[in-house]
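The structure appears right after this line, and notes come after that.
The values are calculated or read from the model by the stated rules, or taken from the named source; none is laboratory data. Predicted, not measured: the structure shown is a model, and the values here were computed from it. Cβ: placed from backbone, ideal geometry, glycine included. Neighbour counts: every protein chain shown.
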Amino acid sequence: MSKATPARKKSASLSGLSRLAGKRRDRLKLPPSSKGRAARRAAKSLFKGGPARRGSLSLAGILATLTLLNVYVFVCRNETSLPEVMHKASVMAANPLSAGVQATEAAAQAHANELAKLQLIEGTLLEGDSLGRLLKRHNIAPQAADALIRSLSNQLDFTQLRQGQPYKLRLRADGTPHAFELVVSRELTVRSWRKADGSMVGEAEKAETHVELVEVAAPISSSLYATILDAGENEALVAFFVDVFAYDVDFYNDTKEGDVFRVVVEKEMKGEEFLRYRRILAAEYSGKVGTFRAFYWQEPGAAKGRYFAANGQSIEKGFLKTPLKFARVSSKFNMKRMHPVLHTTRGHFGTDYAAPVGTPVWAAAGGKIITRGYSGGAGNMVMIEHAGGLVTQYMHLSKFANGQRIGQRVEAKTVIGYVGTTGLSSGPHLHFGVKQNGRYVDPQRLAPTRGPAIKAADLAAFTSDTSALVSRLAQIPLQAGDDASKVVAGASPSAL
């Protein structure tokens with residue numbers, strides 16, 4: 001048989017090597033290359049400082065081995081037979097400590113040594129910090145700071161910056177940033193790092209979350225707050241539950257031992273870690289004050305959902321039951337009361353709520369701010385004008401809520417200030433007064449007006465959408481302690 005020509009030998013060698021590489025790749029089940037994943041691994045390594053992963057080294061070693069074999073065949077041009085070439089290739093490829101791997105490990109070590117030369121700065125954002133202010137504090141030149149900020153412009157909403165968010169900054173010897181990392185939340189981390197060409201590139205790492213539907217029900221022991229915490233839930237659920245029934249129940253004065261609460265609520269989770277409550281889908285409070293139920297539903301065309309009773313009536317009223325979530329009534333409306341500071345008999349035209357300094361104060365109803373400032377014996381005071389000739393007064397505030405002004409409209413439950421003891425005051429409390437057509441009236445005797453009910457045309461859809469929740473709410477068993485809360489197995493928020 002005639003010998004193969006050099007050209008055919010090269011072709012045969014290449015074909016054999018291609019088949020070998022194909023078999024090798026199939027056996028290792030190598031994934032397709034991904035610049036995005038490689039970039040993320042590189043960015044994280046800037047802050048971990050560890051060498052590249054062993055799997056990446058093995059792949060690099062195989063590719064280096066194949067390259068050496070090609071050089072051997074095409075450059076040396078000896079008469080080595082194809083079987084010998086394939087045997088040598090298989091032996092070298094099977095050896096993870098080949099010359100190519102060793103070279104890659106050396107490069108990884110050089111990378112680690114380079115990182116060790118960088119200055120690592122760790123800290124947390126201060127109050128009012130922007131990225132520009134943070135980088136200026138670390139003496140980063142304006143041009144370098146601008147490049148870093150621009151690299152994150154599509155990865156980060158800069159209004160999400162908050163005091164206490166942790167960051168890491170790696171600086172080169174000349175003080176320029178090499179890499180930056182900011183933990184925005186438990187779900188989002190952003191990074192920026194310098195590429196080989198000197199430009200900065202940014203990325204956002206978002207954690208996957210899921211929503212669980214949870215049922216909680218228990219008899220009140222000492223307080224709603226203590227009972228919900230005893231059930232294993234977060235204190236944020238207390239505030240959420242109080243918000244839902246704020247028009248009907250004063251949870252400081254109306255709550256009695258033996259009252260019962262039930263709630264079906266969405267919990268957003270990151271693996272097994274609780275992040276936040278999403279929506280209360282159904283809730284009930286029953287006791288001496290009465291029985292109240294609320295179901296969340298979004299009307300067709302509405303921007304957001306509202307809470308309704310089972311018959312479609314709105315649970316919202318003209319005024320909240322109290323302008324504070326938790327407070328004790330220390331002095332009621334009285335036309336002839338002995339003033340605790342002046343010691344003279346004079347009318348007390350409102351209701352006093354004793355609460356710690358700094359307790360948030362709600363607007364009792366939607367309206368327009370008409371007064372906001374210091375007012376003699378009333379101390380720091382806010383007055384809000386409402387529909388129907390009503391005006392509410394909030395006195396003795398320690399401070400006002402930020403970002404509000406006279407003439408601005410606020411909705412019910414908007415925080416307008418904080419409890420204090422300014423003006424003629426014997427201790428921390430809120431004086432809440434109401435005028436109707438220019439005359440003072442007792443806030444606790446105002447006839448409530450309901451918000452708009454569901455339209456007749458939408459009532460059938462509401463009943464259909466909430467019927468499962470009505471049944472589920474009634475069937476939640478009452479249990480005390482940790483057994484009062486359970487995840488609804490197999491249920492998703494959209495299923496109810």
Open item on the list: For segment 342-351, check the following and say yes or no: at least one residue is within 22 Å of V244 (Cα to Cα), at pLDDT below 90 and either of a type outside the set (D, E, K, R) or assigned to a strand (DSSP E or B) (or both).
Closed with: no
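When you scan segment 224-235, how many residues do you find that are outside any helix (DSSP H, G or I) and buried (at least 16 other Cβ atoms within 10 Å of the Cβ)?
2
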- [ ] Examine segment 274-284 for a residue that is without any contact (Cβ under 8 Å) to a residue 40 or more places away in the chain and out of contact with any Gly (no Cβ under 6 Å at 6 or more places or on another chain), and state whether such a residue exists.
- [x] no
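Would you please name the residue that is surrounded by the most Cβ atoms within 10 Å (Cβ to Cβ), looking only at residues in segment 208-223 that are closer than 22 Å to E233 by Cβ and of a type in the set (D, E, K, R)?
Our first condition is that a residue be closer than 22 Å to E233 by Cβ; within segment 208-223, this holds for 209-223.
Restricting the remaining residues to those that are of a type in the set (D, E, K, R) gives 212, 215.
Values: E212: 16, E215: 20.
Among them, the one singled out is E215.
Go through segment 208-223 and give me each residue that's under 15 Å from R262 (Cβ atoms), assigned to a strand (DSSP E or B) and not charged (D, E, K, R).
To start, the set of residues in segment 208-223 that are under 15 Å from R262 (Cβ atoms) comprises 213-220.
Now restrict to residues that are assigned to a strand (DSSP E or B): 213-219.
Residues satisfying the conditions are L213, V214, V216, A217, A218, P219.
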TODO: Considering every residue within segment 238-255, establish whether at least one is touching a helix residue (DSSP H, G or I) at 6+ places or on another chain (Cβ under 7 Å), within 16 Å of V216 (Cα to Cα) and assigned to a strand (DSSP E or B).
DONE: no
- [ ] Give the number of residues within segment 286-314 that are touching a residue at least 12 places away in the same chain (Cβ under 8 Å), loosely packed, with under 11 Cβ neighbours inside 10 Å and not in a strand (DSSP E or B).
- [x] 2
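For every residue, the table says whether it meets (1) under 23 Å from F245 (Cα atoms); (2) out of contact with any Ser or Thr (no Cβ under 8 Å at 6 or more places or on another chain); (3) at pLDDT 90 or above.
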{"residue": "Y394", "(1), (2), (3)": "yes, yes, yes"}
{"residue": "S398", "(1), (2), (3)": "no, no, yes"}
{"residue": "N402", "(1), (2), (3)": "no, yes, yes"}
{"residue": "Q408", "(1), (2), (3)": "no, yes, yes"}
{"residue": "V415", "(1), (2), (3)": "yes, yes, yes"}
{"residue": "V419", "(1), (2), (3)": "yes, no, yes"}
{"residue": "T422", "(1), (2), (3)": "no, no, yes"}
{"residue": "F432", "(1), (2), (3)": "yes, no, yes"}
- [ ] Could you pull out every one of the strands (runs of 3 or more DSSP E) wholly within segment 380-442 that has 3 or more residues that are farther than 12 Å from I370 by Cα and under 28 Å from the mean Cα position of the chain (by Cα)?
- [x] 415-419
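From the list G258, G271, pick out the single residue that is surrounded by fewer than 14 Cβ atoms within 10 Å (Cβ to Cβ) and more than 29 Å from the chain's Cα centre (by Cα). First the steps, then the outcome.
Numbers: G271 fails: more than 29 Å from the chain's Cα centre (by Cα).
On inspection, the qualifying residue turns out to be G258.
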- [ ] Could you tell me whether E205 is assigned to a strand (DSSP E or B) and either loosely packed, with under 15 Cβ neighbours inside 10 Å or in contact with a Ser or Thr (Cβ under 6 Å, 6 or more places away or on another chain) (or both)?
- [x] yes
Task: Selection from segment 352-379 of residues that are of a type in the set (A, V, I, L, M) and not in a helix (DSSP H, G or I) - done: A354, A355, V357, V361, A363, A364, A365, I369, I370
Task: Selection from segment 151-168 of residues that are of a type outside the set (G, A, S) and either modelled with pLDDT of 95 or more or assigned to a loop (DSSP other than H, G, I, E, B) (or both) - done: L152, N154, Q155, L156, D157, L161, R162, Q163, Q165, P166, Y167, K168
TODO: Please name all residue pairs, on different chains or six or more residues apart, with Cβ atoms under 6 Å, provided the first residue is in segment 244-261 and is under 24 Å from R450 (Cβ atoms) and the second residue is of a type in the set (D, E) and in a loop (DSSP other than H, G, I, E, B).
DONE: Y247/E316
TODO: Quick one: which residue in V238, V184 is within 16 Å of the chain's Cα centre (by Cα), under 21 Å from R278 (Cα atoms) and crowded, with 19+ Cβ neighbours inside 10 Å?
DONE: V184
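Can you say whether R191 is of a type in the set (K, R), within 30 Å of R450 (Cβ to Cβ) and either in contact with an Asp or Glu (Cβ under 6 Å, 6 or more places away or on another chain) or surrounded by 21 or more Cβ atoms within 10 Å (Cβ to Cβ) (or both), as far as the supplied structure shows?
Working: of a type in the set (K, R): yes; within 30 Å of R450 (Cβ to Cβ): no; either in contact with an Asp or Glu (Cβ under 6 Å, 6 or more places away or on another chain) or surrounded by 21 or more Cβ atoms within 10 Å (Cβ to Cβ) (or both): yes.
For R191, the condition - of a type in the set (K, R), within 30 Å of R450 (Cβ to Cβ) and either in contact with an Asp or Glu (Cβ under 6 Å, 6 or more places away or on another chain) or surrounded by 21 or more Cβ atoms within 10 Å (Cβ to Cβ) (or both) - is not met.
Condition check ((1) under 28 Å from the mean Cα position of the chain (by Cα); (2) modelled with pLDDT of 65 or more; (3) over 26 Å from V260 (Cβ atoms)) across all residues:
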{"residue": "A461", "(1), (2), (3)": "no, yes, yes"}
{"residue": "V470", "(1), (2), (3)": "no, yes, no"}
{"residue": "L478", "(1), (2), (3)": "no, yes, no"}
{"residue": "S485", "(1), (2), (3)": "yes, no, no"}
